Amino acid sequence: MTPSKIVDVRAFQLTGTMEHPGEFWEDRLVRPTDIYEPYRQGGPRVLPRKAEGQYVIESAFIEIEADDGSVGRAGPVGNGMAQSILQTFGGLLRDEDPLATQRIWDLMHRSAVHGRKGNTMMAISAIDCALWDLKGSALGQPAYRLMGGPTRDSIPAYASTLGFSVEPELVAQRAREFAEAGYTAQKWFFKRGPADGRWGMEQNELLVRTIREAAGDDTEIMLDAWMSWNPDYAIAMAKRLEQYRPRWIEEPVLPDRIASHARIRRNSPVPISTGEHEYTRWGIQLLIEAEACDVLQPDTYWAGGLSELEKICTLASVADIPVIPHGHSVSANIQLQASQPPNVCPLAEDLIKWNQIHEFFLADPIRRENGHLLVPDTPGVGMAIDESRVEEREEITA
């Protein structure tokens, strides 16, 4: 029996215990609010600790069920996001054909004119990913096969170090470890911005010099400013860092500053990447038209889901700009990337710490081998839950 209509939309939160030695979130990256003195004093984010070496993991998932019993999941999403999905789109989804992903996406988009970006678009993205999981599960195929893939059996990945310490000795140790593990590229996050003056620029350069010396000449280095610089500072830093041959500097300014991104790109000897905090094909098209970046980084769980990322890849392929999706959901991203030609999606982001959390409850986490993500053969998007890790399950209601 093929599913013909959606009969239920629900959400739940799972709680479990993750083993991890030492402090999980080690350091704090530069943030846009650092232009204000009190905000520069904040420490790294905190993961609730259950005991020494044990952390509490709480993850919310949404679940869509069809009339044939097929189920699609998406997550983790925030608890509040799950509630918003139920409130905003629960009624719209019921009785719709779950295989008609284009129709449902368009219905959601048209019904949420004030939700073209931000939380509402993130909700649409999660629903779309859940529907692809349902579609693949119902048809017994990975989502990438239904999207036209696979184009390869593994995706080269770069190690993304959000939350790791930027103390030089630890940076050198980790940079060597990632290179030895087979990652031919790694991304590090700056801790300093314009408010830190010349000393901060020297600290940023020290970080990059340490990475280059430890990882070796054959490792590609990416650098993330997390929207926290300004054009003059970004251009000055790019010229200072050119000698270390970075592959890109990421999000040097806030996402709506498209003209500033374009100005930086015109004057920077280092390529510029952005798009992580942009939404839908229309937002990405503005970046393309402005010639604002060399690499596009939309997030599958934020920019519109797998249905929309397919369209973004088409736009990018016309402009000959690679799409390297932000690594918020490696399970969804690999479905997209395995469906696209290697020149369109040449590389995957492997957010080392985030993926430990985001894949914690998954029965089939993505396998890594010698710096590559192996394309899975599980149906759907691979969102089955490992019940052995679930200590508590709580239904989320609207």
Is the range 77-207 rounded, prolate or oblate when judged by the Cα gyration tensor, a ≥ b ≥ c being the square roots of its eigenvalues, rounded requiring a/c under 1.5 and prolate requiring a/b larger than b/c? oblate
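For the chain, what does the relative contact order come out to in percent, with C-alpha contacts under 8 Å and a separation of six or more?
Relative contact order of the chain: 22 percent.
For the range 258-309, give the percent of accessible area contributed by carbon and sulfur heavy atoms, probe 1.4 Å, rounded to a whole number. Present the calculation step by step, with values, prior to reporting the outcome.
On the way: 740 of 1570 Å².
Reported share for carbon and sulfur atoms: 48 percent.
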Length-normalised contact order for the range 45-151 - Cα pairs under 8 Å, 6+ apart - percent: 29
Distribution output for the range 181-278: share of Cα-Cα pairs per 5 Å bin in percent, first bin at 0, values 2, 14, 27, 25, 18, 9, 3, 1
So what is the relative contact order for the range 140-191, in percent, with contacts set as C-alpha pairs under 8 Å and at least six apart? 44
Please compute the modelled spin-label separation between E392 and L170, points set 7 Å along Cα→Cβ, answer in nm with one decimal. 2.9
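How much accessible area per residue does the chain have, counting only protein heavy atoms and a probe of 1.4 Å, in square angstrom? It would help to have the intermediate numbers written out before the result.
On the way: 16290 Å² over 398 residues.
For the chain, the solvent-accessible area averages 41 Å² per residue.
At a 1.4 Å probe, what is the % contribution of carbon and sulfur to the accessible area of the range 99-214? List each step's numbers first, then the result.
Numbers: 2230 of 4780 Å².
Carbon and sulfur together cover 47 percent of it.
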So which of K117/K239; K239/K311; K5/K311 end up more than 31 Å apart by C-alpha? K117/K239; K239/K311
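To one decimal place, what Kirkwood hydrodynamic radius in Å is obtained for the chain from all pairs of distinct Cα atoms? Mind dumping the intermediate values first?
Numbers: mean 1/r = 0.0463 Å⁻¹.
Averaging 1/r across every pair of different Cα atoms and inverting gives 21.6 Å.
Assuming 0.36 nm per residue, please report the length gained on full extension of the stretch R198 to D256 beyond their Cα-Cα distance. Display every interim value, and only then the final one.
Values: separation 58, 0.36 × 58 = 20.88 nm, distance 2.66 nm.
Fully extending the segment from R198 to D256 adds 18.2 nm.
Of all the accessible heavy-atom surface of the range 1-64, with the other protein chains kept in place and a 1.4 Å probe, what percent is carbon and sulfur? Numbers along the way, then the final one.
Values: 1730 of 3330 Å².
After summing per-atom areas, the C and S share lands at 52 percent.
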What's the long-distance tail for the range 325-398, i.e. % of Cα pairs beyond 15 Å? 59
P(r) histogram, all alpha-carbon pairs of the range 171-233 included - 10 Å bins from 0, percent: 22, 48, 25, 5
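Quick one: what do you get for the range 233-329 if you divide its Cα Rg by 2.2 N^0.38 Å?
Values: Rg = 13.0 Å, N = 97, 2.2 N^0.38 = 12.5 Å.
So the Cα radius of gyration is 1.04 times the expected 2.2 N^0.38 Å.
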Can you give the helix-only mean residue ellipticity at 222 nm for the chain, where every DSSP H stretch with n ≥ 4 adds -39500 (n - 2.57) and the sum goes over all residues, rounded to the nearest 500 deg cm²/dmol? -11500 deg cm²/dmol
Looking at the chain as a GNM with Cα springs under 10 Å, which of E169, E205, E58 has the largest mean-square fluctuation? E169
Once you have the Kirkwood Rh of the range 1-160 from its Cα pairs, apply Stokes-Einstein at 20 °C and 1.002 mPa s and quote D in µm²/s. 116
Cα gyration tensor category, rounded, prolate or oblate, for the range 2-44 with a/c compared to 1.5: oblate
Taking the C-alpha atoms of the range 2-90, convex hull volume expressed per residue in Å³: 153
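The values are calculated or read from the model by the stated rules, or taken from the named source; none is laboratory data. Note that this is a predicted model, so its numbers are computed, not measured. All Cβ positions, glycine included, derive from the backbone under ideal geometry; neighbour counts span all protein chains shown. What goes into the accessible areas is simple: the full protein's heavy atoms, side chains included, and nothing from ligands, DNA or RNA. Shrake-Rupley method; radii C 1.70, N 1.55, O 1.52, S 1.80 Å.
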